[in-house]
Amino acid sequence: MTDRDPGVPIELMMDAARHAISFVEGYSEEQFLESMRTQHAVSMCIVVIGENARRLLTSHRALTELHPDIPWLEMAHMRDRIAHGYEKLHMRIVWETATTNLKPLLDMLEPILASLPDPDSPAIP
């Protein structure tokens, strides 16, 4: 992964969000709370989203500052909570994130990704 191309972490965030959404599709909250496998899968997707949000905050601060409506830091903090187990992880929060927050996140990330220059195309002099 190159730190020069902000499209890479955005694509990884979008892929993880799509996966998490698909993992809970058709589930009720009760079914989600009873399925440890689904909980772990969705949690891992949220870790990937948060890790890549942190990469953007670190390597592409100007880009994140252009989009203050996206909760970059909050995503990174949620990643830390899941990955390091600070306090007991509340799966209802994971459920709420997957069912409420990820689709709007995709809607915000898609135009950002579309606006970025293609890193594989030659630079125009």
Within the chain, helix-based [θ] at 222 nm, where runs of 4 or more DSSP H residues each add -39,500 (n - 2.57), nearest 500: -21500 deg cm²/dmol
Trypsin sites (Lys or Arg not before Pro) within region 26-98: DSSP coil, no more than 16 neighbouring Cβ in 10 Å: K88
Net charge contributed by nearby residues that have their C-beta within less than 12 Å of F32 (K/R +1, D/E -1): -3
Exposure proxy order (Cβ contacts within 10 Å, fewest to most) of D118, D5: D118, D5
Exposure proxy order (Cβ contacts within 10 Å, fewest to most) of V47, V94: V47, V94
Option label - Cα extents along the principal axes in Å computed here, alternatives [x] 58, 29, 25; [y] 51, 35, 25; [z] 36, 33, 28: [x]
Angle between the chain longest axis and helix 72-84 axis [Cα atoms, degrees, rounded to 10]: 50
Gaussian network model of the chain, springs between alpha carbon atoms under 10 Å - residue of M14, M91, M78 with greatest fluctuation: M91
Cα long-axis angle, helix 36-59 against the chain (0 to 90 degrees, to the nearest 10): 30
GNM flexibility winner over the chain from A114, A76, A20 (Cα, springs under 10 Å): A114
GNM result for the chain, Cα springs below 10 Å: residue of D15, D80, D69 fluctuating most strongly: D69
Simple label model, 7 Å out from Cα along Cβ direction - E29 to M108, nm: 2.3
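Values quoted throughout were computed directly from the atomic coordinates according to the rules given, and no laboratory measurement underlies them. As the structure is a prediction and not an experimental result, all values here were calculated from the model. Using ideal geometry, Cβ is built from the backbone for each residue, glycine included, and neighbour counts are taken over all protein chains shown.
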